[in-house]
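Novice: This is the structure I have questions about; it appears just below.
The values are calculated or read from the model by the stated rules, or taken from the named source; none is laboratory data. Everything numeric here is computed off the predicted structure, so don't read it as measured data. With ideal geometry, Cβ positions are generated from the backbone for all residues, glycine too; neighbour counts draw on all protein chains shown.
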Amino acid sequence: MKVLLYINEDKDSGGRNAEKLKSLLSGKQIEYVEFKDGEFPENEGLDGIFVLGGDGTILRRTEIANAYCLPIIGINAGKLGFLSEFEISEMEEAVDCFVSGNLVKDERTTMKVVYNGESFYALNDAIVERRYEDNRGMVINVSVKIACSDTESVIGDGVIVATPTGSTGYSLSAGGSVLAPGINAFCVTAVAPHSLRNRPIIFSADNPCELFYTGGAKAGLYVDGKLVADLDVNDKVSIGKAERPTVFLRRKNFDFFRRLRLKLQDR
């Protein structure tokens, strides 16, 4: 067996957890290829990607996972750990389960975001939001079309379009609905809207969605939390379902609602 290995060194002071994980992989005769940000190792005989870090670390590794059609085995070294299946204390179990094939696929709908002819992919969300460092205006105006129909007009800080995976992140904080992972849907949530009528909208992921930035303060397009473009007035962002899902490997008894309860009960 052969895997890619990514270690977030900022989450592993002294490198002790990284060394333990490498030792566990070697002890099970699993060849690993460690890679850094921006690197794309050769896709030859790979069976998966082990990621040691937090949710943000995993989000930034989905690009290579999707490009190579590889499942992700997440080991949580962060705070929340929604995306990871295993905690630091469970590294040995993670490796044993991977070797024995005692893990199941968890396919997560991924979003394709198109702006100005360039495509981006999001596991969590795409957001048109005001640039908070800009002082020329306090709000932005965003129009939303779903299935080619005018659906929403938002005056506020912005608009989030979230996948089921992303529905427990920023969208939830802004008052959006929680979507179970298997639902073929996205959620539109206004950020700090200046109207009581703006409410979350759930729609089929098979329907196209378009966001139009129509003025106000300076605005940017954020994909999975990363600023990918500054927007000009009347710019359009097109959102749809990506061709392939992002795949995680989970224990067979994985329970989304139990995890949701446990992760959020003290927050």
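Novice: Would you list the strands (runs of 3 or more DSSP E) that sit entirely within the stretch 224-267 and hold 3 or more residues that are in contact with a Pro (Cβ under 8 Å, 6 or more places away or on another chain)?
Specialist: Counting at least 3 such residues, we get 235-241, 246-250.
Novice: Please count how many residues of the stretch 234-257 are surrounded by 15 or more Cβ atoms within 10 Å (Cβ to Cβ), acidic (D, E) and either under 21 Å from S171 (Cα atoms) or modelled with pLDDT under 95 (or both).
Specialist: The number of residues fulfilling the criteria is 0.
Novice: Which count do you get for residues in the stretch 229-247 that are over 19 Å from A185 (Cα atoms) and under 14 Å from the mean Cα position of the chain (by Cα)?
Specialist: Here the count works out to 0.
Novice: A follow-up question, please. Among the listed residues S153, S195, S173, identify the single one that is of a type outside the set (A, V, I, L, M, F, W, C), under 30 Å from A65 (Cα atoms) and not assigned by TED's automatic domain parsing to the domain that holds L83.
Specialist: After applying the criteria, what remains is S173.
Novice: Using beta carbons and a limit of 7 Å, which pairs, at least six apart or on different chains, have the first residue in the stretch 74-88 and of a type in the set (S, T, Y) and the second one buried (at least 19 other Cβ atoms within 10 Å of the Cβ)?
Specialist: Correct list of pairs: S84/I58; S84/G74; S84/I75; S84/N76.
Novice: So for the stretch 26-47 (the condition being buried (at least 21 other Cβ atoms within 10 Å of the Cβ), within 26 Å of N253 (Cβ to Cβ) and in contact (Cβ under 8 Å) with a residue 40 or more places away in the chain), does at least one residue qualify?
Specialist: Within the stretch 26-47, not a single residue is buried (at least 21 other Cβ atoms within 10 Å of the Cβ), within 26 Å of N253 (Cβ to Cβ) and in contact (Cβ under 8 Å) with a residue 40 or more places away in the chain.
Novice: Of the residues in the stretch 11-33, how many are at pLDDT below 90 and in contact with a strand residue (DSSP E or B) (Cβ under 9 Å, 6 or more places away or on another chain)?
Specialist: Adding up the residues that qualify gives 3.
Novice: Criterion first (outside the structural domain of L123 (by TED's automatic domain parsing), free of Cβ contacts under 8 Å to residues at least 12 places away in the same chain and either among the charged types (D, E, K, R) or crowded, with 19+ Cβ neighbours inside 10 Å (or both)) does E19 satisfy it?
Specialist: yes
Novice: Of the conditions (1) over 24 Å from V113 (Cβ atoms); (2) surrounded by 18 or more Cβ atoms within 10 Å (Cβ to Cβ), A65 clears all except one; give me its number.
Specialist: (1)
Novice: Can you tell me which residue among L231, L260, L221, L211 is assigned by TED's automatic domain parsing to the domain that holds I64 and surrounded by 14 or more Cβ atoms within 10 Å (Cβ to Cβ)?
Specialist: When all the criteria are applied, what remains is L260.
Novice: Same structure again: Could you run through the stretch 164-177 and say how many residues are under 16 Å from A205 (Cβ atoms) and part of a loop (DSSP other than H, G, I, E, B)?
Specialist: 4
Novice: Here is a further query. Please find, within the stretch 142-171, the residue that is farthest from S238 (Cα to Cα) out of those that are of a type in the set (A, V, I, L, M, F, W, C) and surrounded by fewer than 20 Cβ atoms within 10 Å (Cβ to Cβ).
Specialist: Only one residue fits best here, namely I155.
Novice: Could you tell me how many of the residues in the stretch 97-137 are loosely packed, with under 13 Cβ neighbours inside 10 Å and over 25 Å from A205 (Cα atoms)?
Specialist: Count: 7.
Novice: Continuing with this model, one more query. Here is a check on your reading of the model: is N141 in contact (Cβ under 8 Å) with a residue 40 or more places away in the chain, among the polar types (S, T, N, Q) and part of a loop (DSSP other than H, G, I, E, B)?
Specialist: no
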